[in-house]
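**Q** Take a look at this one; I'll ask things after.
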């Protein structure tokens, strides 16, 4: 028991980092689902594309002599903005090319789902091809950006805690995600576009009768969701330093789980679900073998996290923040 | 309506294409020479693609070197590379495709033991001789299949050799072990653990991770809290190097040791300067130590514009051993194309092959009697690491 408590500060720091990433990616799933009732499986790969765009920007800027001495913060801002812009436009493009024609023809939702899986494969292999072609290796590793090491001295204040060590990148990831989460929340609840989005989510036909341009609202939703996903990709790159074209798959599934845990369609729920899942996973990875006396190692962390998910869903099938809705007819 | 009319047209077209392709194949000769295909099966995509490609390229060089000798006998060598993606299912389905191609007489592969084991069942059924440059799990040859051979050492030798070095030479007492749950990673880690226990070291923890993930801080902080002298990792560089990096980020400066899966230039790319103080045991030595090896490295660089990886020379030797077997089988058969069965017997019978990286002599199970384990250490963040010592099988 004491060992679990000792590790708690470090688990908290690492869990939050992972949780923030899950949270923002989960928002992309939840926003699209809220509006179209479509599980956009390509979203995990939009996230991955964002990280590669970020790496590409970093390499290009570094190769331009006069920029290589630019302060890290400026570099980072350029990376994240370019990545967000490109992935945002990509998200809109995917919606226009792949999902809108299906919607126009009233194709069953299952068809759109399969289409999104197809797009996910296309993105993975396209990125892999481009990365392999330009750098000769599709596992991209960048130089560390925020490498300053911090140690929070929990131990001297609370003797039963160990110290937590983290890198500057943790601060960057947390601050940027918190800014993104708050501004998105304000956008959805306060602005005209946000209100339109909520109206479309509630009832698409009625919203269109209220002179809301539904297609444009859907485009905006895809833009925002994908841009956030792409920006998170850059954060992921900053935090872990290495990306490959297949990171979007596992992470996407977990982020989707987080969205379900929080109540799919609910933005705040997705934020909360993501952070919770990150913390649970990290807690399990660090402590599972202590809890079970070595019977189960940390390799079972996902099982542990998903058992909790199942338990939550048994008692609250609509997710933690979701409203129980009557099936739309 | 229009679609309906298209169907017969398409059918005829498909038939015609099939016929043309079929004709092309059934000839099976190129410029009067009979084609002998050597298949390679290694991951050309996915996390271990660097290693898989090294094997393929090494085999390609061996074929190029032997091409003339075989041309004289009236044969043309063709390499047909397959991508097993490090995935057992893909490996088996490739193995079936390879077995169905009658021109293929032998297989170089696989990198991963987990893929080699099920795929070799298919080879065995079809009498197709396989030489693996890198599959080190004990079960690969312990099933005593007549077609399955390897030029590298076994895990139950690699793990203990690492443990020996760690405890006797580095003097560590407390060890934390992480493995990646694959047959390769956990087999290696378990062999290391058992030997380390025997030598009197304390095992502080034995944890697993999931291949393909990027965040291992949970396991790393658990390891850090246990305060070990050494972390041992059973697995491949894509995860191993990240564990090293995340351990260094948490302020752990202790040595980390791994198996041959860490033997890749990508390790350095991922872990950066954190790679300093990382040891790995591997089944391949530094080829550039011998004159032959340096020549090989230069030829490799000239052909593929890439530096040799650890497995390049083993890929070469595996293919060369197979070619020697085939060549013997041809001679025995009076210059005619031998059966797969005859090739498999000839390959197993090889006792005196002297290759780039290793001498090869197969024992009854298909293990190489001359296989050695080498211990390397990263002193700088540069690949390749420096060879510390070599350990020969007792």
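Every read-out reported here was derived from the displayed coordinates using simple, explicitly stated rules and does not represent laboratory data. Source: prediction; values computed, not measured. Neighbour counts are summed over all protein chains in view; Cβ atoms, including those assigned to glycine, are modelled from backbone coordinates with ideal geometry.
**Q** Give me the inter-chain shielding for A:134-140: mean count of other chain Cβ atoms within 10 Å, whole number please.
**A** Across A:134-140, the average partner-chain Cβ count within 10 Å equals 3.
**Q** State, to one decimal in nm, how far the label point of residue A:143 lies from the label point of residue B:387, with both points 7 Å from Cα in the Cβ direction.
**A** 3.3 nm
**Q** Now for a separate question. Quick one: which of A:36-45, B:378-387 comes out on top by average Cβ neighbours within 10 Å, and what's the full order, highest first?
**A** In descending order of packing, they fall as A:36-45, B:378-387.
**Q** How much mean residue ellipticity at 222 nm does chain A get from its helices, if each DSSP H run of length 4 or more adds -39500 (n - 2.57) and you divide by all residues, to the nearest 500 deg cm²/dmol?
**A** Calculated at 222 nm, the ellipticity per residue is -24500 deg cm²/dmol.
**Q** Just from its helices, what would the mean residue ellipticity at 222 nm be for chain B, if runs of 4 or more DSSP H residues each count -39500 (n - 2.57) and the sum is divided by every residue, rounded to the nearest 500 deg cm²/dmol?
**A** Calculated at 222 nm, the ellipticity per residue is -15000 deg cm²/dmol.
**Q** Same structure again: Per residue and in cubic angstrom, what volume does the convex hull of the Cα atoms of the range B:271-376 have?
**A** On the way: hull volume 15.1 nm³, N = 106.
So the per-residue hull volume is 142 Å³.
**Q** Right, next: Taking a quarter of the surface of the Cα convex hull of the range A:186-231, what do you get in nm²?
**A** On the way: hull surface 12.5 nm².
Approximately 3.1 nm², given one-decimal rounding.
**Q** In nm, to one decimal, how far is the residue B:290 label point from the residue B:126 one, both placed 7 Å along Cα→Cβ?
**A** Between residue B:290 and residue B:126, the label points sit 3.3 nm apart.
**Q** What relative contact order, as a whole-number percentage, does chain A give when Cα pairs under 8 Å and 6 or more residues apart are counted?
**A** 36 percent.
**Q** Using only alpha carbon pairs under 8 Å that are at least six residues apart, calculate the relative contact order of chain B and give it in whole percent. Walk me through the numbers before you get to the answer.
**A** Values: 855 pairs, mean separation 69.3, N = 394.
Here the relative contact order equals 18 percent.
**Q** Can you pull the mean other chain C-beta count within 10 Å for peptide B:222-234?
**A** Values: counts 12, 2, 5, 7, 1, 0, 0, 0, 0, 0, 0, 0, 0.
Per residue, the number of nearby Cβ atoms from other chains is 2 on average.
**Q** With a 10 Å radius around each residue's Cβ, average the other Cβ atoms per peptide and rank A:219-229, A:310-320, highest first.
**A** A:219-229, A:310-320
**Q** Now for a separate question. Determine, for B:248, A:100, the number of other Cβ atoms within 10 Å of each Cβ, and report the residues in order from fewest to most.
**A** A:100, B:248
**Q** Separation between the residue B:336 and residue A:156 pseudo-spin-labels, each 7 Å from Cα along Cα→Cβ, expressed in nm?
**A** The answer from the label model is 8.8 nm.
**Q** Continuing with this model, one more query. At a Förster distance of 41 Å, what's the computed FRET efficiency of residue B:139 paired with residue A:316, Cβ-Cβ distance as r, to 0.05?
**A** 0.35
**Q** Please arrange A:155, A:148, A:293, B:110 by how many other C-beta atoms lie within 10 Å of their C-beta, fewest to most.
**A** Fewest-to-most Cβ neighbours within 10 Å comes out as A:293, A:148, A:155, B:110.
**Q** Connecting C-alpha atoms closer than 10 Å in a GNM of chain A, tell me which of A:92, A:61, A:21 has the biggest fluctuation.
**A** Its mean-square fluctuation being the largest, the pick is A:61.
**Q** Once the Cβ-Cβ distance between residue A:37 and residue A:89 is put in as r, and R0 is 25 Å, what FRET efficiency do you end up with, to the nearest 0.05?
**A** Details: r = 24 Å, r/R0 = 0.96.
Efficiency computed from Cβ-Cβ geometry: 0.55.
**Q** While we're looking at this one, here's another question. Let me test this: with uniform point scatterers at the alpha carbons of the protein assembly as shown, what is the Debye-based log₁₀ I(q)/I(0) at q = 0.09, 0.12 1/Å?
**A** Once normalised to I(0) and log-transformed, intensities are -0.88, -1.31.
**Q** Using only the Cα atoms, work out Rg/Rh for the range A:2-315, with Rh taken as the Kirkwood radius, to two decimals.
**A** 0.99
**Q** Which of the peptides A:206-216, B:130-140, B:190-200 is most tightly packed, and how do the rest follow, judged by the mean count of other Cβ atoms within 10 Å per residue?
**A** B:130-140, B:190-200, A:206-216
**Q** Let's test this: bin the Cα-Cα distances of the range A:62-172 at 10 Å from zero up to the farthest pair and state each bin's percent.
**A** 10, 23, 25, 20, 15, 5, 0
**Q** Also: For helix B:183-198, what angle does its Cα long axis make with the longest principal axis of chain B, in degrees from 0 to 90 and rounded to 10?
**A** Its long axis makes an angle of about 40 degrees.
**Q** With N set to the residue count of the range B:44-158, report its C-alpha Rg divided by 2.2 N^0.38 Å to two decimal places.
**A** Relative to the rule-of-thumb radius for its length, the range B:44-158 sits at 1.05.
**Q** Moving on to the next point. Contour minus end-to-end for residue A:70 and residue A:296, with contour as 0.36 nm per residue of separation and end-to-end as the Cα-Cα distance? Mind showing how you got there, number by number?
**A** Numbers: separation 226, 0.36 × 226 = 81.36 nm, distance 4.78 nm.
Result for the pair: 76.6 nm of gain on full extension.
**Q** What translational diffusion coefficient, in µm²/s and rounded to a whole number, does the Stokes-Einstein relation yield for the range A:142-265 at 4 °C and a viscosity of 1.567 mPa s, taking the hydrodynamic radius as the Kirkwood radius over Cα pairs?
**A** Values: Rh = 17.6 Å.
In µm²/s, the coefficient is 73.
**Q** Ok, one more. Within 10 Å of each Cβ in B:241-251, how many Cβ atoms from other chains are there, averaged over the peptide?
**A** Details: counts 4, 3, 0, 0, 5, 4, 0, 1, 10, 10, 4.
Whole-number average of other-chain Cβ neighbours for B:241-251 is 4.
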